[in-house]
């Protein structure tokens, strides 16, 4: 279902870590339904940029996203002993009270939303499987489903296919592109494989030494 | 030079210990025949009225088990306050850690002695003593397990807007369950061993039976009770080890 989303606008974002400038005056925008790839060498600041946009790092500048962006982490960051469904529900914790969540009294509507998100990433039937018994590609899909149930206006993905084989990587990136189109979701994804970036993204931005450069 | 300093330091510590303990081999030599006489006189062990010994042994297991359970209930909130990934108020971190150290630093035997004075003789006092001491031990072991856990799932939950305590309860606690359950079994096994002597201060269990037999110089009974204690602690040790192997 296409939703009306504001897109992502980043203006003059700068981050200094330990007194060293890691990002310098980065500005970019991602339109609703657009997939923008961020490429660059290791240490260029891709992860820092995504984390700063997600609000996980203190930064100077402005991020206009219409709400808190959802971030898909590089190594999926799933809790191995929780089921796929429970991991997805972690994305909905902000809408639940402490005791309800601690006692796993998940609201029915949230369970339905989690199952719907798992179906959207092609994992229906695996809701009750523990995350540590899923393959690498399936885990990354659960991480994407967790980001989807956040109902965030923007999706950020930090090298989501770094540890996947080429076929699985293409599947995950194809899924992100389909989600962007189907839901009008602006997606900013960092990749270190230029070939994949060119094939799956609408635009490619290059980050070098903390600055955006023409790609 | 450095090795000489280590050896010198070690010898100095041992010398200080000897000075404080005043070991006397002559006294040991003189006492050995008496000890040997008691042991020889203790055979065959007197298992008559085994029901009483069994009931006291069961009391020991019960107070150690209940004490460990109560300790876990006390330790859980303290653990969440004393582990960096879950502590909602950083200012509470060090005071709660100090409280856990204090509870752990006072032996269950000492706590039981105090509780006997407060609530009277019997296993209830022993259980309370075990619970307080073990709450400190469990809190320390559990908070270390939480701090050693992979921080990524916790960060993912926090980035999705979950509160620190909420994320810890939903993600961190289940993730560290094998380690925390293993620690609890270890503490339970330790408590079975430690509870066998709580009866010496009137805090119930098989130690009470042992004290009665020693007071009466009934060494056949003493040996019988010691055999039961060794069997009990070995059984707890094996059971705990087997369960922990399955958990980890």
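The values are calculated or read from the model by the stated rules, or taken from the named source; none is laboratory data. In this text the structure is predicted, and so the values were computed from the model without any measurement. Positions of Cβ are generated from backbone atoms using ideal geometry, with glycine treated the same way; all protein chains shown enter the neighbour counts.
Key figures
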| read-out | value |
| --- | --- |
| Test for residue A:41: is it away from chain B (no Cβ under 14 Å), modelled with pLDDT under 95 and either in contact with a strand residue (DSSP E or B) (Cβ under 8 Å, 6 or more places away or on another chain) or buried (at least 22 other Cβ atoms within 10 Å of the Cβ) (or both) | yes |
| Residue B:165 vs. criteria surrounded by fewer than 20 Cβ atoms within 10 Å (Cβ to Cβ), free of Cβ contacts under 8 Å to residues at least 60 places away in the same chain and within 14 Å of another protein chain (Cβ to nearest Cβ) | no |
| Subset of the stretch B:146-162 [more than 10 Å from every other protein chain (Cβ to nearest Cβ) and either free of Cβ contacts under 8 Å to residues at least 60 places away in the same chain or surrounded by fewer than 20 Cβ atoms within 10 Å (Cβ to Cβ) (or both)] | B:147, B:148 |
| Filter pass, residue B:162 being assigned to a helix (DSSP H, G or I) and assigned by TED's automatic domain parsing to the domain that holds residue B:63 | no |
| Test: residue in the stretch B:143-159 that is in a helix (DSSP H, G or I) and under 13 Å from the mean Cα position of the chain (by Cα) | no |
| Qualifying residue in the stretch A:116-135 (condition: closer than 20 Å to residue A:37 by Cβ and assigned to a helix (DSSP H, G or I)) | no |
| Strands (runs of 3 or more DSSP E) within the stretch A:14-86 that include 3 or more residues over 29 Å from residue B:172 (Cα atoms) and outside the structural domain of residue A:137 (by TED's automatic domain parsing) | A:20-30, A:35-39, A:60-64 |
| The stretch A:56-115, subset touching a strand residue (DSSP E or B) at 6+ places or on another chain (Cβ under 8 Å), within 8 Å of chain B (Cβ to nearest Cβ) and free of Cβ contacts under 8 Å to residues at least 60 places away in the same chain, residue surrounded by the most Cβ atoms within 10 Å (Cβ to Cβ) | A:91 |
| Selection from the stretch B:203-216 of residues that are in contact (Cβ under 8 Å) with a residue 12 or more places away in the chain and either buried (at least 20 other Cβ atoms within 10 Å of the Cβ) or out of contact with any helix residue (DSSP H, G or I) (no Cβ under 8 Å at 6 or more places or on another chain) (or both) | B:203, B:204, B:205, B:206, B:207, B:208, B:209, B:210, B:213 |
